[in-house]
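Take this structure, written in structure tokens, and hold onto it; I'll ask about it next.
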Number of protein chains: 4
Amino acid sequence: MIRVAIIGASGYTGAESIKILLQHSQAELTYLTALPEECGAVEDVFPQFKGRCALQIEPLDLDKLSELADVALCCLPHKVSMSFVPKLLDAGLKVIDFSADYRIKDVAVYEQYYVKHTDTENLKRAAFGLPELFREQIKGAKLVANPGCYPTGASLAIAPLLKEDLIETESVIVNAVTGTSGAGMKPSSKFHFPNMNENLFPYGIGNHRHMPEIEQIASDVAGKKVTVLFQPHVGPFDRGILSTVYCQPKKDISNEQLLKLYDDFCEAEPFVQVRKVAPAVKDVAGTNYCHIFVTNVKGRIVCFSVIDNLVKGATGQAIQNMNIVFGIEETMGLS
Amino acid sequence: MIRVAIIGASGYTGAESIKILLQHSQAELTYLTALPEECGAVEDVFPQFKGRCALQIEPLDLDKLSELADVALCCLPHKVSMSFVPKLLDAGLKVIDFSADYRIKDVAVYEQYYVKHTDTENLKRAAFGLPELFREQIKGAKLVANPGCYPTGASLAIAPLLKEDLIETESVIVNAVTGTSGAGMKPSSKFHFPNMNENLFPYGIGNHRHMPEIEQIASDVAGKKVTVLFQPHVGPFDRGILSTVYCQPKKDISNEQLLKLYDDFCEAEPFVQVRKVAPAVKDVAGTNYCHIFVTNVKGRIVCFSVIDNLVKGATGQAIQNMNIVFGIEETMGLS
Amino acid sequence: MIRVAIIGASGYTGAESIKILLQHSQAELTYLTALPEECGAVEDVFPQFKGRCALQIEPLDLDKLSELADVALCCLPHKVSMSFVPKLLDAGLKVIDFSADYRIKDVAVYEQYYVKHTDTENLKRAAFGLPELFREQIKGAKLVANPGCYPTGASLAIAPLLKEDLIETESVIVNAVTGTSGAGMKPSSKFHFPNMNENLFPYGIGNHRHMPEIEQIASDVAGKKVTVLFQPHVGPFDRGILSTVYCQPKKDISNEQLLKLYDDFCEAEPFVQVRKVAPAVKDVAGTNYCHIFVTNVKGRIVCFSVIDNLVKGATGQAIQNMNIVFGIEETMGLS
Amino acid sequence: MIRVAIIGASGYTGAESIKILLQHSQAELTYLTALPEECGAVEDVFPQFKGRCALQIEPLDLDKLSELADVALCCLPHKVSMSFVPKLLDAGLKVIDFSADYRIKDVAVYEQYYVKHTDTENLKRAAFGLPELFREQIKGAKLVANPGCYPTGASLAIAPLLKEDLIETESVIVNAVTGTSGAGMKPSSKFHFPNMNENLFPYGIGNHRHMPEIEQIASDVAGKKVTVLFQPHVGPFDRGILSTVYCQPKKDISNEQLLKLYDDFCEAEPFVQVRKVAPAVKDVAGTNYCHIFVTNVKGRIVCFSVIDNLVKGATGQAIQNMNIVFGIEETMGLS
């Protein structure tokens, strides 16, 4: 049994991690930590686990962690994460990190969008945890940077096109709409129910932190620089991201060829499904699946992808990465 | 033109007051105040009024208020309200107060549920602003205590039964579900969208502050002490309160007799409508109406009423009270 | 492995059954049937199962059923169900029936609320599938009548009080609010999104079919006739039922005694959790759990229970029953 | 007083028309018609008007119409509309038509997206009712084609850019998300609450009927052919359309210049507001306003506009058109 710790277990990704691990037959939760003021019995912090999980969420004790766990799901925010990850690695654990701290390989870009980077050594070694695109790197990695939710959905939508060099690299527009759980557990005016309900709005215009992450993945896949205009929106639902991606083909490619291309790409992928009609976010809610539909419209290729932002966009993908790192069945606990 | 000031204009009731007064042909907004940190142009505080209202929300200046307004809609929270209302009255204004401070006539009861009362003089003189039950008191009043949202819906549902002494006075159970706007504008964990969405829960069990208010109204109407078990719940929608009221009839009364009783009671009321089928909260959303349906079920009388908590449960009723106080058409601005 | 067929697999309970059985380690789906016009690959009927379930939904063939399955989850509507269940039993299968056809033991009551009963022989032999109250009957039963969603939530909320004869048997009022999935998959005006959204309303006033079912369970538990005023409502969310139950105690019982009573009752129950604060429907969404809180309010006992209407209120409970019938771990596939 | 008839009054646009006209001080509802099976007292068809509107909805009688009304709001679906409009005109009424039948000037395009056109004579004479762009045509028109909801929001978002020839005419991508009321009152599986709730999906991929309408408006404004890739989506809310429009500027234009351009364009427009931050659909819900924000992002210009699809996207705009046709204050009844 893989013994799993969750660092920063008191948020939505923590809760989702507990939920998934409760049904994972080769991993078990052994240690949960949070800030002192957020500690307590799991069933008090998350009533949905009453009678299902007898663990406590405790302040982090590195010795205890080292003794009790083989791997840490590190659910801390950026900046905080890179101050803890080196210690977790030193304690002998594998780490799946949910923050942005080990995702952006170019330190200057990271520092432009976030803060000063304080752990560039581990950054170099971290694998980028999008298995469908970088599975080989993840195998045997000690530290995996779990991707952002938007970059996961957007990248899977266009990866086959980029891999085959079929689109203009400056033509990509990602228009995405997310559910509200992506905003995290801290109450705010924007996400106050009477404000967010019956509402929909754009945000992060021109400067969302997932833009350079999408560009990095796209460029890696294409083997050359790809620029992406990424525009996120938030809508009145809990879970899910719909990415509508517009790109300019280099030359004509029929819908049949597109379908074949995507089918070939996804054939061996357990969690990516190519659809023949447009997908809906509810089709994948609560699952680790990504559904994709791609078609020609008025001279452009339009790709649609849906994921659950808390599962394939966060915790499910982290467990998928954990499974790969430990060499067990990749779908364990996730299907 | 009645010149209207809103004291505490930066919350949901403030916004609703602006909206209603913009279409009131005999009243005009002249002065809006809020705490300094919540001030600014109306269109910046509430984008929905961009191009519709050129006023500023300013810190309260009593001299300016006295000069600019004939009446104040006082949208302050309890305790704060009773520290301002005496000044507003001294400044020569009529006051429609939205807080609980002037509603509960028994100071001991008020102090049990709220805080120490600091303005018992004005409390004695305040009219209770439920026009359908206390219209005569409201006419010419200087200070009107605008009722709570739950008490409005619950009291209208059972007033005809109490007036005619048809039900056991210890048998009344009010089971109510409100939308979320009743919680006000301040973000909190319970009303954080990913928590409140797809959710429904009871609260205020056994101790909600509207319980004694409902009992006071019911007792006034019945002319004797009435006790009420009041249980509120909150559900995932913006506006509306559904009250389902269970009572024990003293003797058999047919559904036809019930309908006649309610029709007679509501005949002259512009804002209370007796339905022949169960009402839905959406039937009255955005309006000052209360819809009621009443019927016998298994030896009890069950009354259903719906109102919009922000309109008939707050601002609409305040404007209705203002209209009565100033002797103009009661429905002005509201239909 | 228990081989499971789903009869009437094309609705919400069918989809939920597939979902649960996909993660059941001692049961496997072998045969799915529906009306001819609703047949097709599971992944076409329910896109959420794309890549997760390779089965077809086919028109029912009794020979094939007999050969392929040990047990049938019969998700047909009432009346239709009792025309098929005898054949399923004759085919040698155990049957967990989701309809009302085998729930109401008094044929006259059944026929008053539903239609003429055409299979009274099997009705007599059917076990009532509420494990927490009738587990012994279910063990070894050939036919289990899976309870209605409302009766499940309401009965669990008050069973300990009835068992100990602590409340007046004519005093029980069940005020319940359900999510919309209880209405099934067939579009209708009431459940059309722009009508149902932002809405809440009562229905089935005085005549809901679950009223006699709740009374039957309550009377069985109490060992004497119990009458219940049951008033359902529907609110704008997918899943969950909140039951708020009001009853008159025969004599004073403290909150501590109530908590002890419920704790004792639920101690050995895997799926019923006694809470110390009010539960919310979202606490149990997607799970087979029932959370209960009970307290004294103004001379009455008020019990709150929450369940997921599609899981503990339907499919989860059916699987729980199946597990009991086959003598395997009761929680298998459900936690 | 302008005497107004509503033809096809039993749908959402009919209800919205009644609501607006009840507060219009220079127009009064005199005649409401619908299919025989949808007739009845307004308060029975729409409970929200109980006590507010004493009219009946009746089967259409042209003589009565001619006698009772000066103008018809024709809320019929396409194809049906063009079979009635000639009769309404012959009856001497002005007509504001909500359908697509008189919007598309190119009959071949109309027939490609809809059906054979049967009233090309009136098509030629119809004014296109987007006042901000074609006000002069509307003045004095006998027949006004009220625009589609998407075309209204999308066109206003980019009109200033097109008018000044600032963008590449083949670069426009309109990504829009609508609320559900746009789907009309007829229940369907997609809009069944348990399916639509918590969901978001694209539709009309490559072939939505509003695409040629947007192109026609854009081309008219630009004075040359403009092509538009229009991709609509639907989300889980009642009202509102957010259009996110991406275009390629011909040359650099600063954000300050963009703001100035839009401010100049909208200065005299009562219902179009230029924002300095991104708008949200809730900012305009229930109003006839369109809020716009425009900015440069990564070499493209991105325009955001929000409207209420039932008001500025349908009924509000129709009343605005009616006001213009009759030469009264354009904002009457709408602010």
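Residues of region B:289-312 being open to solvent by 10 Å² or more (accessible area, probe 1.4 Å) and among the polar types (S, T, N, Q), which ones?
The answer is B:THR295, B:ASN296.
When you check C:GLU269 against the structure, is it under 30 Å from B:GLU170 (Cα atoms) and not basic (Lys, Arg), yes or no?
It is false that C:GLU269 is under 30 Å from B:GLU170 (Cα atoms) and not basic (Lys, Arg).
Quick check on this structure: which one of A:GLU67, A:GLU111 is more than 23 Å from A:ILE6 (Cβ to Cβ) and of a type in the set (D, E, K, R)?
Working: A:GLU67 fails: more than 23 Å from A:ILE6 (Cβ to Cβ).
Of A:GLU67, A:GLU111, the one residue that is more than 23 Å from A:ILE6 (Cβ to Cβ) and of a type in the set (D, E, K, R) is A:GLU111.
Also, quick follow-up: Taking region B:49-108 only, how many residues are farther than 25 Å from B:GLU28 by Cβ and within 16 Å of the chain's Cα centre (by Cα)?
The qualifying residues number 7.
Quick check, is C:ILE158 open to solvent by less than 30 Å² (accessible area, probe 1.4 Å) and out of contact with any Phe, Trp or Tyr (no Cβ under 9 Å at 6 or more places or on another chain)? Spell out how you get there, then give the answer.
Numbers: open to solvent by less than 30 Å² (accessible area, probe 1.4 Å): yes; out of contact with any Phe, Trp or Tyr (no Cβ under 9 Å at 6 or more places or on another chain): yes.
When the stated conditions are applied, C:ILE158 passes them.
Additional query: Quick one: B:GLN23 ticks every box in (1) among the polar types (S, T, N, Q); (2) in contact (Cβ under 8 Å) with a residue 60 or more places away in the chain; (3) open to solvent by 10 Å² or more (accessible area, probe 1.4 Å); (4) touching a strand residue (DSSP E or B) at 6+ places or on another chain (Cβ under 8 Å) bar one, so which box is it?
With (1) among the polar types (S, T, N, Q); (2) in contact (Cβ under 8 Å) with a residue 60 or more places away in the chain; (3) open to solvent by 10 Å² or more (accessible area, probe 1.4 Å); (4) touching a strand residue (DSSP E or B) at 6+ places or on another chain (Cβ under 8 Å) applied to B:GLN23, the lone miss is (4).
Restrict the check to region B:161-172 and report whether at least one residue is in contact with a Phe, Trp or Tyr (Cβ under 7 Å, 6 or more places away or on another chain), at pLDDT 95 or above and open to solvent by less than 10 Å² (accessible area, probe 1.4 Å).
Checking region B:161-172: not a single residue is in contact with a Phe, Trp or Tyr (Cβ under 7 Å, 6 or more places away or on another chain), at pLDDT 95 or above and open to solvent by less than 10 Å² (accessible area, probe 1.4 Å).
Can you find a residue that is closer than 25 Å to B:PHE134 by Cβ and more than 14 Å from chain D (Cβ to nearest Cβ) anywhere in region B:55-69?
Taking every residue of region B:55-69 in turn, at least one turns out to be closer than 25 Å to B:PHE134 by Cβ and more than 14 Å from chain D (Cβ to nearest Cβ).
Next question, about the same structure. I need a count of the residues in region D:2-20 that are aliphatic (A, V, I, L, M) and in contact with a strand residue (DSSP E or B) (Cβ under 6 Å, 6 or more places away or on another chain).
6
Moving on. May I ask you to list the residues in region B:274-284 that are crowded, with 24+ Cβ neighbours inside 10 Å and either hydrophobic (A, V, I, L, M, F, W, C) or in a strand (DSSP E or B) (or both)?
B:VAL274, B:ALA280, B:VAL281, B:VAL284
Is at least one residue of region C:196-210 in contact with a helix residue (DSSP H, G or I) (Cβ under 9 Å, 6 or more places away or on another chain), open to solvent by less than 30 Å² (accessible area, probe 1.4 Å) and more than 12 Å from every other protein chain (Cβ to nearest Cβ)?
Yes.
Take region C:104-130 and flag every residue that is over 20 Å from C:PHE326 (Cα atoms) and assigned to a helix (DSSP H, G or I).
Those that are over 20 Å from C:PHE326 (Cα atoms) and assigned to a helix (DSSP H, G or I): C:VAL107, C:ALA108, C:VAL109, C:TYR110, C:GLU111, C:GLN112, C:TYR113, C:THR120, C:GLU121, C:LEU123, C:LYS124.
So is B:PRO232 within 11 Å of another protein chain (Cβ to nearest Cβ), under 29 Å from B:LYS276 (Cβ atoms) and open to solvent by less than 10 Å² (accessible area, probe 1.4 Å) or not? Talk me through it step by step, then tell me what you get.
On the way: within 11 Å of another protein chain (Cβ to nearest Cβ): yes; under 29 Å from B:LYS276 (Cβ atoms): yes; open to solvent by less than 10 Å² (accessible area, probe 1.4 Å): yes.
Here the answer is yes, as B:PRO232 does meet what is asked.
So B:ASP220 ticks every box in (1) surrounded by fewer than 22 Cβ atoms within 10 Å (Cβ to Cβ); (2) away from chain C (no Cβ under 11 Å); (3) in a loop (DSSP other than H, G, I, E, B) but one. Which box is left unticked?
Among (1) surrounded by fewer than 22 Cβ atoms within 10 Å (Cβ to Cβ); (2) away from chain C (no Cβ under 11 Å); (3) in a loop (DSSP other than H, G, I, E, B), the lone unmet condition for B:ASP220 is (3).
Examine region C:154-163 for a residue that is touching a Leu at 6+ places or on another chain (Cβ under 8 Å), in contact (Cβ under 8 Å) with a residue 40 or more places away in the chain, assigned to a loop (DSSP other than H, G, I, E, B) and under 13 Å from C:GLN317 (Cβ atoms), and state whether such a residue exists.
no
If you scan region D:239-260, which residues turn out to be among the polar types (S, T, N, Q) and open to solvent by 60 Å² or more (accessible area, probe 1.4 Å)?
D:GLN248, D:ASN255, D:GLN257
For B:THR180, which of the numbered conditions (1) open to solvent by less than 10 Å² (accessible area, probe 1.4 Å); (2) among the polar types (S, T, N, Q); (3) more than 13 Å from chain C (Cβ to nearest Cβ) fails to hold?
(3)
Are any residues in region B:136-173 β-branched (Val, Ile, Thr) and under 23 Å from B:ILE301 (Cβ atoms), and if so, which ones?
Scanning region B:136-173 gives B:THR152, B:ILE158, B:ILE167, B:THR169, B:VAL172, B:ILE173.
Still on this structure, please answer the following. Could you check region C:144-167 and list, in sequence order, the residues that are farther than 17 Å from C:ASN309 by Cα and touching a helix residue (DSSP H, G or I) at 6+ places or on another chain (Cβ under 6 Å)? Spell out the reasoning first.
Within region C:144-167, the subset farther than 17 Å from C:ASN309 by Cα is C:144, C:158-167.
The answer is C:VAL144, C:ALA159, C:PRO160, C:LEU162, C:LYS163, C:ILE167.
Continuing with this model, one more query. When you go through A:LYS186, A:LYS190 one by one, which is the residue that is among the basic types (Lys, Arg) and more than 12 Å from chain D (Cβ to nearest Cβ)? Give the derivation first.
Working: A:LYS190 fails: more than 12 Å from chain D (Cβ to nearest Cβ).
Criteria check complete, one pass: A:LYS186.
Follow-up question, since we're still on this one. Pairs only if they're at least six apart or on different chains, beta carbon under 8 angstrom, first in region D:274-300 and at the interface with chain A (Cβ under 7 Å from one of its Cβ atoms) and more than 22 Å from A:SER189 (Cβ to Cβ), second open to solvent by 10 Å² or more (accessible area, probe 1.4 Å) and not polar (S, T, N, Q); list them, first residue then second.
Here the result reads D:THR295/A:ILE205; D:THR295/A:GLY206; D:VAL297/A:ILE205; D:VAL297/A:GLY206; D:LYS298/A:GLY206; D:ARG300/D:PRO249, each pair linking region D:274-300 to a residue that is open to solvent by 10 Å² or more (accessible area, probe 1.4 Å) and not polar (S, T, N, Q).
Determine if region B:189-206 includes at least one residue that is within 20 Å of B:GLN317 (Cβ to Cβ), in contact with a strand residue (DSSP E or B) (Cβ under 9 Å, 6 or more places away or on another chain) and in a helix (DSSP H, G or I).
No, region B:189-206 contains no residue that is within 20 Å of B:GLN317 (Cβ to Cβ), in contact with a strand residue (DSSP E or B) (Cβ under 9 Å, 6 or more places away or on another chain) and in a helix (DSSP H, G or I).
Oh, and also: State whether one or more residues within region C:265-272 are open to solvent by 10 Å² or more (accessible area, probe 1.4 Å) and more than 17 Å from C:ARG135 (Cα to Cα).
no
Would you mind finding the one in A:LEU130, A:LEU76 that is closer than 30 Å to A:GLU267 by Cβ and surrounded by 19 or more Cβ atoms within 10 Å (Cβ to Cβ)?
Going through A:LEU130, A:LEU76 in turn, just one is closer than 30 Å to A:GLU267 by Cβ and surrounded by 19 or more Cβ atoms within 10 Å (Cβ to Cβ): A:LEU130.
Take D:LYS50 and tell me if it is open to solvent by 60 Å² or more (accessible area, probe 1.4 Å) and at pLDDT 95 or above.
Considered against the rule, which asks whether it is open to solvent by 60 Å² or more (accessible area, probe 1.4 Å) and at pLDDT 95 or above, D:LYS50 comes out as no.
Of the residues A:PRO147, A:PRO151, which single one is within 23 Å of A:ASN323 (Cα to Cα), assigned to a loop (DSSP other than H, G, I, E, B) and open to solvent by less than 40 Å² (accessible area, probe 1.4 Å)?
A:PRO147 is the lone residue from the list that is within 23 Å of A:ASN323 (Cα to Cα), assigned to a loop (DSSP other than H, G, I, E, B) and open to solvent by less than 40 Å² (accessible area, probe 1.4 Å).
Among (1) within 13 Å of another protein chain (Cβ to nearest Cβ); (2) touching a strand residue (DSSP E or B) at 6+ places or on another chain (Cβ under 7 Å); (3) not polar (S, T, N, Q), where does C:VAL325 come up short?
(1)
The values are calculated or read from the model by the stated rules, or taken from the named source; none is laboratory data. Please read all numbers here as calculations on a predicted model, not as lab measurements. As a convention, Cβ positions derive from the backbone with ideal geometry for all residues, glycine included, and neighbour counts pool all protein chains shown. Remember, those area values only see protein heavy atoms, side chains included, never the ligands or the DNA or RNA. Shrake-Rupley method; radii C 1.70, N 1.55, O 1.52, S 1.80 Å.
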